[in-house]
Amino acid sequence: MAVKQDTLWFGYLNAGKKGSLVVRDSTLDTGTSTTIYLFNQKKGKILEYRRDIVEPKLRALTEKETAGAETLAEAFERARSGFVPRVARRPVSLPPARKKRREEEAPEVEIDDETPVPFNDDEEDEEGPEPVLDDADED
């Protein structure tokens, strides 16, 4: 899939020894306004950069550098073909949260503290428990 030329910006990232020719594709979205994707020729990859740090270090290509723009565009296309933006890697929706097993199994117990328990000490237990007899007691 060829990217339209008007969506690409070719430039140079002034970063000292790490400086490199770069390509910015305006169709690549990071999912946040604080970062941008740039193809870095030295690394041969599309990388995510913090916008506030990298934008002041970008400049347009000089006439000398423009001569190699076609090679830069080809390298960008190779890197772009296997690139998956971070936004596309996010799950569309999360599955519903499951209850913990203990919460599912715990029975609900209702305690009614306001209902009095009847107590009647007038009634006596007439029979009571049966006595246990030994063999000696039977005679």
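The values are calculated or read from the model by the stated rules, or taken from the named source; none is laboratory data. Just so it is clear, the structure is predicted and the values come from calculations on it, not from any experiment. Ideal geometry is used to build each Cβ from the backbone, glycine not excepted, and the neighbour counts take in all protein chains shown.
Within region 56-90, take every residue that is loosely packed, with under 11 Cβ neighbours inside 10 Å and among the acidic types (Asp, Glu) and give me the one that is farthest from the chain's Cα centre (by Cα). The qualifying residue farthest from the chain's Cα centre (by Cα) is Glu63. Within this structure, Ser20 fails the test of being out of contact with any Pro (no Cβ under 9 Å at 6 or more places or on another chain) and exposed (fewer than 11 other Cβ atoms within 10 Å of the Cβ). Scanning region 1-22 for residues being under 30 Å from the mean Cα position of the chain (by Cα) and either at pLDDT 95 or above or among the acidic types (Asp, Glu) (or both) gives a total of 1. Taking region 32-43 as the range and being surrounded by 13 or more Cβ atoms within 10 Å (Cβ to Cβ) and under 16 Å from Arg86 (Cα atoms) as the test, the residues that pass are Thr35, Ile36, Tyr37, Leu38, Phe39.
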